[in-house]
Amino acid sequence: MRSKMMIAATCAFVTGLIPYAFARPSEGAPSQAQAETVADPAKILVDRLDLERYKAAIKGLTQFGDRREGTDRNRKAIDWIEAQLKSYGCANIERLKYNYQPPSSTASAAQPNNAGGPGTPMPATATAVGGGRPRGLRVRTGINVDPNAQTDLKLRELNSQPSAPGPREEIYCTKVGATHPGEMYIVGAHMDGKGWGEAANDDGSGTALVMELARVLSSRDVETERSIRFIFWNNEETGLNGSAAYVEQRKELQGKETPPGSGQYPEPKWLGMIQHDMMLFDHGMPREDGTVSKEQRPEADFNIEFQVNSKFAAQSQALAWTLEQAAEKYAMDYPASIGSHMTNTDSSPFMNAVAAISVRENERGTEIGNGWDPQWHQPTDVYATYYDKDFRLGLNAAQTTLAATAELAGATVKKENSSTR
Ligand SMILES: [Zn+2]
């Protein structure tokens, strides 16, 4: 069983590499006119990302505070994202509608925020959520539910409306593939947050990353063979309810041409799901006194995770390595690392149906769970907390997913505009 899976994984891994090694150019010398479309579309696209634009997208999201689901500030943030997508030319903007009723026991929401305290050693037998083995020192994590913990009075006021049960929406737009419109890659992030801050990192940083990819790939001179859907999940923070609703409502619609003969596929067949969550902060392990370094550690990386205990583990691993290869080639400052314990993320509802991975600043189970990010669900998760070295980690992840998605979906850039952008 195990060896079979390894073989499958190896084959898929090699297949995943083919676009890099052999895809282009293969025969004869391209003419001057062809050169730009043939040479390296991923590079042209990656060059259209930049730090200031990425930061501006995060900043834009923070005007809606923590964007908690079931509030006006959450709904206004969705409208704002929609306006940005329109301005990028991302077509087919749609909303998934679902209903969210919180579990009857709300005891967990009322628990006091007890994050912090000293760094304590993990026992050798410890297991983290997701199945990984946590090492070193751990600091308690928690969720702030106390308005008064937010010392910025304006922000406290902005975040004051409580969440109400009921109808919910989440937004997505789609780049339709030119030759295989009925197949797609999903690129996602959750736009809701909590904790009485600005949800700048969790998950403004992932949401801004997906917005930037939607912008670059929606450019009129970019064509892809396969479709790419950019989704901004809601209700992640209540337990992945938005992504779970999407899988439930749309799984059976995959690959169906509707109406028949129209060439339209409302739900193209899923080829892979790449989720982004908390992309900025890798300052290392907490110290004995519970503090974490104020500066991004020079050896920071971003973490690509798949879940080894899922039906599509082999395919998910292959997808992870495709991103790792893209990072080696296109990520400017920081490398990517791969882990096998993906958990607590919007790619989880997909992982038994399609290759599914998650991209984060740290490993969710063993590192974030051990208190590596002191801003997590805290009032301090505001734009002003982060420095350019932090934002660069998110930008590097954007460079990586953009390049990998461009390769996987078969992107080309038409000659006409490529030199003027
Ligand atoms: Zn998150």
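The values are calculated or read from the model by the stated rules, or taken from the named source; none is laboratory data. All figures in this text were calculated on a predicted structure; none of them were measured in a lab. Note that each Cβ is placed from the backbone with ideal geometry, even for glycine, and that neighbours are counted across all protein chains shown. Only protein heavy atoms, including side chains, enter the accessible area calculation; ligands, DNA and RNA are left aside. Shrake-Rupley method; radii C 1.70, N 1.55, O 1.52, S 1.80 Å.
List of remarks:
- Residue match in segment 342-350 (condition: more than 28 Å from residue 45 (Cβ to Cβ), within 16 Å of the ligand (Cβ to nearest atom), modelled with pLDDT of 95 or more and not in a helix (DSSP H, G or I)): yes
- Selection count where residues are out of contact with any strand residue (DSSP E or B) (no Cβ under 6 Å at 6 or more places or on another chain) and either open to solvent by less than 20 Å² (accessible area, probe 1.4 Å) or under 25 Å from residue 51 (Cβ atoms) (or both), scope segment 318-333: 10
- Count of segment 61-100 residues, restricted to those that are charged (D, E, K, R) and assigned to a loop (DSSP other than H, G, I, E, B), is 4.
- Segment 177-193, subset open to solvent by less than 10 Å² (accessible area, probe 1.4 Å) and more than 16 Å from the ligand (Cβ to nearest atom), residue farthest from residue 277 (Cα to Cα): 177
- Residue match in segment 359-374 (condition: in contact with an Asp or Glu (Cβ under 6 Å, 6 or more places away or on another chain), of a type in the set (D, E, K, R) and buried (at least 24 other Cβ atoms within 10 Å of the Cβ)): yes
- The set of residues in segment 194-238 that are under 18 Å from residue 385 (Cβ atoms), within 12 Å of the ligand (Cβ to nearest atom) and open to solvent by 10 Å² or more (accessible area, probe 1.4 Å) contains only 194.
- Yes/no for residue 174 being part of a strand (DSSP E or B) and either within 16 Å of the ligand (Cβ to nearest atom) or surrounded by 23 or more Cβ atoms within 10 Å (Cβ to Cβ) (or both): yes
- Qualifying positions in segment 270-317 - crowded, with 21+ Cβ neighbours inside 10 Å, touching a strand residue (DSSP E or B) at 6+ places or on another chain (Cβ under 8 Å) and closer than 15 Å to residue 139 by Cβ: 286
- Test: residue in segment 336-343 that is open to solvent by 60 Å² or more (accessible area, probe 1.4 Å) and in contact with a helix residue (DSSP H, G or I) (Cβ under 7 Å, 6 or more places away or on another chain): no
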